[in-house]
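Each value in this text was obtained by applying a stated rule to the coordinates, not by laboratory testing. These numbers come from a predicted model, not from an experiment. As a convention, Cβ positions derive from the backbone with ideal geometry for all residues, glycine included, and neighbour counts pool all protein chains shown.
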There are 2 protein chains.
Amino acid sequence: MGRVLSEGRAYARLAELTDSIGPRLAGSPAAAAAEKWALARFEEDLKGTGGRAWLEPVKVPHWERGTVARGGLLAQPGFRAQPFALLALGGSPATPPGGLEAEVVEVDSLEALQAAGERVRGKVVFFDHAMAQPSDYGRFSSLRTRGPAEAGRLGAVAALVRSLATASLRSPHTGATNAAEGAPPVPAAALSVEDAELLHRAVAAGPARVRLELDSRTLPDADGHNVVAEIRGREKPDEVVLLGAHLDSWDVGTGAHDDGAGVVMVMEALRVIAQQKPAPRRTVRVVLFANEENGLRGGRGYAEAHAAELPKHVAALEMDSGAGRPLGVAATAGGEALMRRLLPPLAKVGAGVFLPGDAGGADIGPMRPAGVPFVAVRVDPTHYFDVHHTEADTLDKVDPVFLAQDAAAVAWVAYALADAVEVLPRQPPPAAGGAAGRH
Amino acid sequence: MGRVLSEGRAYARLAELTDSIGPRLAGSPAAAAAEKWALARFEEDLKGTGGRAWLEPVKVPHWERGTVARGGLLAQPGFRAQPFALLALGGSPATPPGGLEAEVVEVDSLEALQAAGERVRGKVVFFDHAMAQPSDYGRFSSLRTRGPAEAGRLGAVAALVRSLATASLRSPHTGATNAAEGAPPVPAAALSVEDAELLHRAVAAGPARVRLELDSRTLPDADGHNVVAEIRGREKPDEVVLLGAHLDSWDVGTGAHDDGAGVVMVMEALRVIAQQKPAPRRTVRVVLFANEENGLRGGRGYAEAHAAELPKHVAALEMDSGAGRPLGVAATAGGEALMRRLLPPLAKVGAGVFLPGDAGGADIGPMRPAGVPFVAVRVDPTHYFDVHHTEADTLDKVDPVFLAQDAAAVAWVAYALADAVEVLPRQPPPAAGGAAGRH
C-alpha cells in the first residue's frame, strides 16, 4: 500500500487518459482509443510479472449527441424569452428539424406524471425535483432514466429534466434515459438547475411554453471491448478477485471522476499487486468495462461470457463514485467478519472502518444472481454530483492525494482477499423483483 | 428598518428585473428597457410622497459580443485537440474571419509579460494566475483589464485570460478589458478555470498552439441614462446623501448579484425612507448608474453633470458586491465616529460593526476628487466571485433574507446620515497617482 502512496502512477495516468483521449462514450473513436491505451498500459505494468491483458468484445450502443442542442423559454407576461443551458440526455432522439414548441406540464415524480395522465398529451413534461445531496441521487434518478419514456407513453412530445446535481454554475448534467417498450422515444434534455428554477417560476406564473431542438441520434450497435488484465493466483488460480471500473464516459467533460478515477485506481492496484513476490493465492483480475453509462453492455457481456467461472469469483469490487477521500469498506451480507480483519492497514489512509450498507456497482451487478460476493471501498461523495456527467468533470477536480489513497485502499483489499485463507460467503439469488442481498 | 425585513419588495423586484428584462449591457435594448422599468418603479414608490424620479442622459459604449466565440487547444503530443469554454472579454474586437491560430506564451503577471517582450510577437498571450479567494480579485484583475492591451502593444495577436473566479464548473467569467492608447486592440477572451488548467499543462509540455474565433464588435456610442430618484430633505434639501448601484450588467446570466441586487437594495431604501414622516433633514438621492461594467460612463457622467452640487453631497454609498449577508459598515477617513453612532440598529441584521478599510465604489469614484465622503455597507463576499460576470449570475443565487437585510442596513445608514445633525468629514483630494483617502 505504501508504494501506491509514495510512487503511485494513478494521477499521472489519469492526466494521460483525460488529456490525450478525453471523453470516450461507447461506440466513439475515443472509446476505441481508450481501449487501446488501457491494453498497452496493462502490458507495460505486467511485463515480466507473468500477468497478462486482453480484450473481450461486446456490442455497445452507439448514440451521438449531434451538434444542435438548444431550447428556451418563450416570452410570457413577466418573462422574457430566454435560452436554457441544456444537454440532450443519452439515448434521446432528435426533435423534428427546426425544433418543437409546446406548453409545459411540470411534475415532481413519476406518480405525479401518471396522475397528470392525458393532460400531458402534446406537451413538454418538465421533471422538477429537490435533489440537494449525493444520497438523493438514487431517489430522483428515475425521473431521468424512466421519466421521458413514461411521458412519451402518455403522448408528451418531449421531456426536460432538472439536472441531478449538488452544485450548479449553469451546468446541465447529462445521463442515460431509457426507451419505453412499445412507445416511440421522445426528445429529452437535462436543464441546468438555474434553468429549472426559471422554468418552475414561469410555470407557476404560466402557462409557460418552451422550444427545444436536438439532433441526437442512435446508430446501429458498435463494437466495443472490455479490457481485462490479471495476475494468476499462486495456489488457486481459478478463484478470482475481480476489480472493476468503467472505461467509457459521457461525451462531455473528460470523465475524470466518472470513471477515469476508478479506472486508474484499479489499474494501479493490479500494477502493485503484480510486483508482489510471491503472487497472492488467488487470481486478481481487473476488468475495465466497455459501456456503463448508456447500456451496461460491458457488465452484462462479462457476466455472460464468464458465466461458467462466476461460481469461482470469490469477490468483486467496483470503483465508480469518483475520487473523494476513502472513508472505509463495505460488503454484501455476511462479509463483515472477513472484511474487519483487513481493516488495520487501511487506517493509514483513513479508511479503517467497516461501513454498513450494501456493496455493489452497475457493472458488477450482473454477477449478483450467480452469488458473487461484493465488497466496496467507499469514498467521500460530497462533491461527486457537482461535476458528474457535466463539462466540469475534468482532471483539475481530482485530488491527487485522495486518488492515491483510494488506489492504495483498493490494492490492499484486493490483495488481502486474494491471499486470505477464507473467502466471503456466497450471496443468495435475488428474490424476484426484490432487493435480496441488501442489508 | 423593520419594514424592509417584514414587508420588503427587494426580492420580488429583483425577480421582476432578472426574469422580465434579464441581462442589460449598456447600449442594448434591454438596458433601455431596464431604465424605463426603474423609472416606472420609482414613480410608483414615490407616488404621494413628494419625491420624484428622472432620467439623465449619458453616452455609453456599445459593444456587442456577437454570436461566435470558440477556440481550443490544438493537438500536440499527449494532448488531443479540445475546445475551450470561453467568453469574449468586453471590448474585445473580432478575430479575423475564420479565426486565428498561434503558439501560446504563458505569463502570470504584467511584469512577466514585459519581461517576455519580443517573445510574444505573433503569439497568443495566456494570462494565468492563482486567484483563490475574493480578496484576490483586486490583485489579479489588471491581468484582464490591462493585460490584453499590453500584450497587443508587444505584438501579440490575441490574449486569453484565466477567469477571475472562486469556483468553476467550466464557467468562464467575462469582464471589461481596456484598449491601449496607440496600439490596436487584440481579440481577448476569458477561459474557464478548467481550461486554464488544461492550457497550463499543455504549455508546460509544449509548445502549445490554440485557435480562437470571435465576432465581437464595438459600435458607435449609444444613448443611455442614469436613473435618478430622490426625496427632498425637510431642512437642508441641497445637502445630498447619495445611494448608488449600477443598472447595467454583463450580457451573460441575468446580473442578479451584479448588480441587480444593489439596484433593488437602494430602490428599497428610498421606498421606505419616502414613507417616513417627517422626511429626513437632508435629501436622499438614489442613482442607478447607466454603465459601470464597460466604461464607467454613468459615474463619470453624474459627477460631471452634478459638479456644482458635489460640495453639498454629504455622503455617497454604492452597493455593488452582491447580496451576501451584511457584515458591517465602513467609511472614508475620519468617518468612524459618526458611523459608530449609527451602529446599534444594524445589530439586528448582524451588521452592527464598524469595519476597517476604505469605502468607495466604481460609480461613485469620480466624486472622490470633489471631497465627497464615502460610506459602505459591506456584505459577505464569499460566493460573489463564484458567479460574477458569468451565465450563473442568476436569481436563484440570491438569498432573499440576506437581500432584505442588506436593504434594511442601507436604508438605515442612508436615513441616519440624512437626518444626523453632523456630517462626515470631507475628503482631501487624491494625491497625483496615489491612493489618498485610503486608510
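What to note about this one:
- The stretch B:163-218: radius of gyration over Cα atoms, expressed as a fraction of 2.2 N^0.38 Å: 1.33
- Multiplying each eigenvalue of the alpha-carbon gyration tensor of the stretch B:380-433 by 5 and taking the square root yields semi-axes of 31, 21, 7 Å, largest first, rounded to whole angstroms.
- Mean projected area (nm²) of the alpha-carbon convex hull when the stretch A:218-258 is viewed from all directions: 4.8
- Hydrodynamic estimate: the Kirkwood radius of the stretch A:46-90 over Cα pairs, inserted into Stokes-Einstein at 37 °C and 0.692 mPa s, corresponds to D of 207 µm²/s.
- Note: relative contact order over chain B, using C-alpha pairs below 8 Å and six or more positions apart, is 21 percent.
- Summary value for the stretch A:57-201: 27 percent relative contact order, contacts being C-alpha pairs under 8 angstrom separated by 6+ residues.
- Most simply put, the protein assembly as shown has about 55% antiparallel DSSP beta bridges, counting only bridges with both residues inside it.
- Both numbers refer to the Cα atoms of the stretch A:280-324; Rg and Dmax are 12.2, 36 Å.
- Three principal axis extents describe the C-alpha atoms of the stretch A:77-234; from largest down they are 73, 34, 29 Å.
- For residue A:429, inter-copy separations between label points set 7 Å beyond Cα along the Cβ vector come to 9.4 nm, shortest first.
- At 0.890 mPa s and 25 °C, Stokes D of the stretch B:22-76 from Kirkwood alpha-carbon radius, µm² per second: 169
- Residue order, fewest to most surrounding Cβ atoms within 10 angstrom, among A:107, A:410: A:107, A:410
- Counting other Cβ atoms within 10 Å as a rough exposure proxy, the listed residues B:131, A:367, A:265, B:319 run B:131, A:367, B:319, A:265 from fewest neighbours to most.
- The calculated FRET efficiency for residue B:47 paired with residue A:110, based on their beta-carbon distance and R0 = 51 Å, is about 0.55.
- Förster-model FRET efficiency, 30 Å R0, residue B:56 and residue B:145, C-beta, rounded to 0.05: 0.70
- Of the beta bridges in chain B, as assigned by DSSP with both residues counted there, near 55 percent are antiparallel.
- With neighbour counts taken as other beta-carbon atoms within 10 Å, the residues A:218, A:95 rank, fewest first, as A:218, A:95.
- For residue B:96, label point 7 Å along C-beta direction: distances to other copies, nm: 4.4
- The alpha carbon centroids of the stretch B:20-72 and the stretch B:338-389 are separated by 24 Å.
- With Cα atoms, 0 to 90° folded angle of helix B:193-205 axis to chain B main axis: 30
- Between identical copies, the spacing of residue B:54 label points, each set 7 Å from Cα toward the C-beta atom, reads 8.9 nm from nearest to farthest.
- Convex hull volume per residue for the stretch A:319-386, taking Cα atoms only, in Å³: 85
- Averaging 1/r across all pairs of distinct Cα atoms in the stretch B:304-439 and inverting the result yields a Kirkwood radius of 15.7 Å.
- Evaluating kT/(6 pi eta Rh) at 4 °C and 1.567 mPa s, with the Kirkwood radius of the stretch B:239-365 over Cα pairs in the Stokes-Einstein relation, gives 83 µm² s⁻¹.
- Computed over the stretch B:1-126, Cα set: Rg, Dmax in Å: 23.3, 72
- Comparing A:291, A:178, A:226 in a Gaussian network model of chain A where C-alpha atoms under 10 Å apart are linked, the largest mean-square fluctuation is found at A:178.
- Convex hull projection area averaged over all views, chain B, Cα basis, nm²: 20.0
- Per the rotation superposing chains A and B, the chain A residue found at the smallest beta carbon distance from the axis is A:169, 2, distance in Å.
- GNM result for chain B, Cα springs below 10 Å: residue of B:295, B:50, B:152 fluctuating most strongly: B:50
- Structure remark: mean-square fluctuation, Gaussian network model of chain A, C-alpha springs under 10 Å; the largest value among A:216, A:28, A:168 belongs to A:168.
- Mean projected area of the convex hull spanned by the Cα atoms of the stretch B:179-284, taken over all viewing directions: 11.7 nm².
- Fraction of the pair-distance distribution of the protein assembly as shown above 51 Å, Cα-Cα pairs, percent: 26
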